[in-house]
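Report on the structure given below.
The values are calculated or read from the model by the stated rules, or taken from the named source; none is laboratory data. If you're wondering where the values come from, they're calculated on a predicted model, not measured in any experiment. No Cβ is skipped: glycine too gets one built from the backbone with ideal geometry, and neighbour counts run over all protein chains shown. The protein model used for the area step is the full one, side chains on, heavy atoms only, and it has no ligands, DNA or RNA in it. Shrake-Rupley method; radii C 1.70, N 1.55, O 1.52, S 1.80 Å.
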Amino acid sequence: MQRITDIFPGDLLTFKAADGNYKVLLCTSAFKDKSPHYFTFAALSYSNSSKPDISNILTSEFLGIGNSQNDLFKYPEAQLEKMWAIHPEIKTSFLGSYGLIIWRKDFIKMSDQFEIIQNIKIVDNLDKNGNASMNASDWDYLNQFFASDFISVLKNRGQKLFKLNSIVIDN
């Protein structure tokens with residue numbers, strides 16, 4: 001496995017959690033302007049004993065919310081139409097993700113636990129249009145969180161599952 005030296009929005013990272021299944025995180029933003037640097041990730045629904053490939057990941061879902069339109073973090077009209085076509089139940093709202101924040105200094109310590117699958121182009125500001133986040137900078141916590149029924153935990157926090165392809169930008 002190649003050591004990860006940097007993370008960018010759209011990077012798909014996989015890791016094996018304490019339950020023996022592979023999980024996937026999607027980087028939604030990377031703050032590198034000034035210290036302290038951090039990355040924000042969305043949790044994807046993938047959970048399988050087999051390492052995911054891009055086709056597995058693109059059929060998975062992310063946890064987030066359909067939030068009121070935000071004038072500050074607008075999506076292009078074409079992307080909104082795509083979101084609404086895939087998720088008509090949120091029409092007039094923006095999709096946003098639940099953020100898992102990992103500080104760069106902490107990520108470096110646990111980077112050997114992750115593997116980058118691929119980078120995909122996603123909408124900007126996905127995490128900023130979400131409504132909540134949590135610090136996930138500790139490997140033991142992150143590992144145990146994903147080994148538990150993390151989807152139910154996040155659903156209890158008001159999050160829902162949305163198709164990943166609703167936020168992927170077609171080239």
Practice task
Return the sequence-ordered ³J(HN,Hα) values of the range 8-14 in whole Hz as given by the Karplus equation 6.51 cos²θ - 1.76 cosθ + 1.60 applied to θ = phi - 60°, using x for Gly and Pro.
Solution key: 10, x, x, 5, 9, 10, 10
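May I ask for the net charge around T59, where only other residues with Cβ less than 12 Å from the Cβ of T59 are counted and Lys, Arg are +1 while Asp, Glu are -1?
Summing Lys and Arg as +1 and Asp and Glu as -1 gives -1.
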Handout entry: With Cα atoms, 0 to 90° folded angle of helix 77-86 axis to the chain main axis
Key = 80 degrees
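Do me a favour and compute the ellipsoid semi-axes for the range 126-171 from its Cα gyration tensor, root of five times each eigenvalue, largest one first, whole Å.
Details: eigenvalues 103, 36, 29 Å².
Working from the Cα gyration tensor, I get semi-axes of 23, 13, 12 Å.
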Practice task
Among T40, T14, T92, determine the one that fluctuates most according to a GNM of the chain built with springs between C-alpha atoms less than 10 Å apart.
Solution key: T92
Fill in the blank from the handout: Along the range 94-100, Karplus-curve 3J(HN,Hα) (6.51, -1.76, 1.60; θ = phi - 60°) to the nearest Hz, with x for Gly and Pro, reads 9, 7, x, 9, 6, x, 10
Handout entry: GNM result for the chain, Cα springs below 10 Å: residue of F107, F150, F15 fluctuating most strongly
Key = F150
Handout entry: Long-range Cα-Cα pairs in the range 8-52 (distance over 15 Å), rounded percent
Key = 48 percent
Exercise for the section: Could you work out how far apart the two model spin labels at S50 and N67 are, taking each label as a point 7 Å from the Cα in the direction of the beta carbon, and quote it in nm? Expected result: 3.5 nm
Practice task
May I ask you to derive the relative contact order of the range 1-103, considering only C-alpha pairs under 8 Å and at least 6 residues apart, and to give it as an integer percent?
Solution key: 24 percent
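Within 10 Å of each candidate Cβ there may be at most 15 other Cβ atoms; applying that plus a DSSP loop requirement, which trypsin sites (Lys or Arg not before Pro) in the range 1-74 survive? Please report the intermediate quantities before stating the final value.
Details: sites: R3, K16, K23, K32, K34, K74; in loops: R3, K32, K34, K74.
Here the sparse-neighbourhood loop sites are R3, K32, K34, K74.
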Problem - Accessible-area composition of the range 69-171, carbon plus sulfur, in percent [1.4 Å probe] - result: 48 percent
Handout entry: Per residue value of the accessible surface for the chain (all protein chains in place, 1.4 Å probe), Å²
Key = 50 Å²
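When the helices in the chain are scored as -39500 (n - 2.57) per DSSP H run of 4 or longer and the sum is shared across all residues, what 222 nm value do you end up with, to the nearest 500 deg cm²/dmol? Intermediate values should be presented prior to the final figure.
Values: 5 runs with 38 residues, N = 171.
It lands at -6000 deg cm²/dmol.
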